[in-house]
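These notes concern the structure reproduced below.
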Amino acid sequence: MRGECRRQDFLMGTFVEQKVFGRQARRAAREAAGEVARLERLWSVFRPDSEIARLRRHAGHRAIRLHRDTIEILRLSGRMFALTEGAFDISIAPLVRLWRDAESKGYPPPDNEIAAMSSLQLGQFDVSADGKFMLPIAGMELDLGGIAKGYAADRSRDIYRKHGAASAMINLGGNVLVIGCKPDGTSWNIGLNHPLRGDNSIFGWIEAGDCSVVTSGGYRRFFEVGGEYLPHIVDPRSGIPVAADIASATIVSQCSAEADALATAVFVLGAEKGMELIGGISSAEAVIFDTDGKIRVTPGLSGRFHKSTDD
């Protein structure tokens, strides 16, 4: 296979690594990086000109017309909210902000403040046919952090295929998507970090091809409140950081955006309900690492998930 490009950029708050093989590999990787950067500008909560920021400013006042990509990701987020019965919710931004503030104060927020921020959750929603959308209550805001990297990976896959790449990999800070197999004909092996160790060791790997592998867990990012370390993922249903029996949840799906959202939802739901959820979704498989070290694997990954011998 002629043509190879290896590229790294810092986008969406993380390092984005690409390996693309084909005649137009360099052009495909450059275009994919540009696409991720464009989506970041569109959805960043830190940019005052992003559509997410505009929705926040106009919350409770008026609807705004949205870019087609924003419409698509909002509709997908709404479907994932329904599918997970609220375990995945892009409108928990006020709750996350509350817990971040609690870190600086050194004590958990009182119940009445949690209730107040919970009242700003959107619930089930859809986007109008004309592409306009409004957050109905002032103070509401969205955060697409739990699905945007997956969406960007899916768009990058489309770019690779447009440029004829038969083999490619993009890793957006742990959200991995691969096309085909490696140039030598072997499968892409995606390592899964051991969530109970402080090093970079893995507890296993997945043989991957034409799919996305996304992991969510509370082992790298925390809220430190009152001397206690709490997972950075907030349960939308309770308004408090997840008290799950899961150390990490890995989802495998052809759709990276779906895998991204489901990884968060499974972590929120816990091991039993998380496995039940994935068991009912034909397009997704899961590897769940419990806090007691037990590894659960859905049947569809039989022969593709391999446990490390030194674990």
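The values are calculated or read from the model by the stated rules, or taken from the named source; none is laboratory data. Note that this is a predicted model, so its numbers are computed, not measured. Backbone-built Cβ (ideal geometry, glycine too); neighbour counts: all protein chains shown.
Pull up region 132-154, narrow it to residues that are in a loop (DSSP other than H, G, I, E, B) and of a type in the set (A, V, I, L, M), then point me to the one that is nearest to F267 (Cα to Cα). Among those residues, the one meeting the criterion is I147.
Contact annotation: residue pairs with Cβ atoms under 7 Å, 6 or more positions apart or on different chains, pairing a residue in region 110-127 that is touching a residue at least 60 places away in the same chain (Cβ under 8 Å) with a partner that is of a type in the set (S, T, N, Q) and surrounded by 11 or more Cβ atoms within 10 Å (Cβ to Cβ), are Q121/S91. Inspect region 218-229 for any residue being basic (K, R) and modelled with pLDDT of 95 or more and give the result as yes or no. No - not one qualifying residue is present in region 218-229.
Among the residues of region 243-268, just one is outside any helix (DSSP H, G or I) and touching a residue at least 60 places away in the same chain (Cβ under 8 Å), namely C255. Filtered by the rule that a residue be of a type in the set (D, E) and either assigned to a loop (DSSP other than H, G, I, E, B) or in contact (Cβ under 8 Å) with a residue 60 or more places away in the chain (or both), region 155-189 gives a lone residue, D184.
Scanning region 1-24 for residues that are β-branched (V, I, T) and out of contact with any Gly (no Cβ under 6 Å at 6 or more places or on another chain) turns up V16, V20. For region 5-16, a residue qualifies if it is more than 15 Å from E31 (Cβ to Cβ) and free of Cβ contacts under 8 Å to residues at least 40 places away in the same chain, and the qualifying residues are R6, Q8, F10. Given the structure, is S156 in contact with a helix residue (DSSP H, G or I) (Cβ under 7 Å, 6 or more places away or on another chain), of a type in the set (S, T, N, Q), over 16 Å from L74 (Cβ atoms) and modelled with pLDDT of 95 or more? When the stated conditions are applied, S156 passes them. Restricting attention to region 104-131, the residues that are part of a loop (DSSP other than H, G, I, E, B), within 28 Å of T70 (Cα to Cα) and not β-branched (V, I, T) add up to 12. Among the residues of region 11-51, the one identified as at positive phi and either in a helix (DSSP H, G or I) or surrounded by fewer than 16 Cβ atoms within 10 Å (Cβ to Cβ) (or both) is G13.
When region 275-296 is filtered for residues that are under 20 Å from the mean Cα position of the chain (by Cα), in a strand (DSSP E or B) and of a type outside the set (F, W, Y), the ones remaining, listed by number, are A284, E285, A286, V287, I288, D290. Do we have A166 as farther than 30 Å from I202 by Cβ and surrounded by fewer than 20 Cβ atoms within 10 Å (Cβ to Cβ) here? So A166 fails the test. Among the residues that make up region 84-101, is at least one of them of a type in the set (S, T, Y), out of contact with any helix residue (DSSP H, G or I) (no Cβ under 8 Å at 6 or more places or on another chain) and buried (at least 16 other Cβ atoms within 10 Å of the Cβ)? Looking for residues that are of a type in the set (S, T, Y), out of contact with any helix residue (DSSP H, G or I) (no Cβ under 8 Å at 6 or more places or on another chain) and buried (at least 16 other Cβ atoms within 10 Å of the Cβ), one finds at least one in region 84-101, hence yes.
The single condition among (1) part of a helix (DSSP H, G or I); (2) in contact (Cβ under 8 Å) with a residue 12 or more places away in the chain; (3) under 22 Å from G139 (Cα atoms) that R54 does not satisfy is (2).
Assessment of region 236-252 against the conditions (acidic (D, E) and modelled with pLDDT under 95) yields at least one matching residue.
Within the option set G146, G150, G131, being closer than 22 Å to E72 by Cβ, surrounded by fewer than 16 Cβ atoms within 10 Å (Cβ to Cβ) and of a type in the set (G, A, S) holds for one residue only, G131. The criterion of being touching a residue at least 40 places away in the same chain (Cβ under 8 Å) and closer than 13 Å to L144 by Cα holds for V45. Taking the numbered list (1) touching a strand residue (DSSP E or B) at 6+ places or on another chain (Cβ under 8 Å); (2) at pLDDT below 95 in turn, S302 passes all entries but (1).
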